[in-house]
Amino acid sequence: MDRLKEGNNILIFPEDRNKKYNDVLDKFNTGFINVAKMYFKEYGELISFYPLCVNKNQNRISDR
């Protein structure tokens, strides 16, 4: 919460961390939505989520 309030971005990985890494997202955990609920409750402000692609081979994060 503090990082968001400071204007920083955070990166959330919704994959099941108990499963082996895979190029295809087969299960999408929705618990990260609680971050938005807690933030709104604490600060009365909305936050946005943007889907991104993390490419480990290219050492890159992009929106495509």
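The values are calculated or read from the model by the stated rules, or taken from the named source; none is laboratory data. This is a predicted model, so every value here is computed, not measured. Backbone-built Cβ (ideal geometry, glycine too); neighbour counts: all protein chains shown.
Couple of notes before you dig in:
- Selection of the range 37-57 for residues being at pLDDT 90 or above and either more than 11 Å from the chain's Cα centre (by Cα) or among the charged types (D, E, K, R) (or both) yields Lys37, Met38, Tyr39, Phe40, Lys41, Glu42, Tyr43, Gly44, Glu45, Leu46, Ile47.
- Boolean, Arg64 is surrounded by fewer than 10 Cβ atoms within 10 Å (Cβ to Cβ), without any contact (Cβ under 8 Å) to a residue 24 or more places away in the chain and not in a loop (DSSP other than H, G, I, E, B): no
- The number of residues in the range 34-53 being touching a residue at least 40 places away in the same chain (Cβ under 8 Å) and under 16 Å from Pro14 (Cα atoms) comes to 1.
- Odd one out for Ile33, checked against (1) among the aliphatic types (A, V, I, L, M); (2) surrounded by fewer than 10 Cβ atoms within 10 Å (Cβ to Cβ); (3) modelled with pLDDT of 90 or more: (2)
- Some residue of the range 5-17 being under 16 Å from the mean Cα position of the chain (by Cα), modelled with pLDDT of 90 or more and in a strand (DSSP E or B): no
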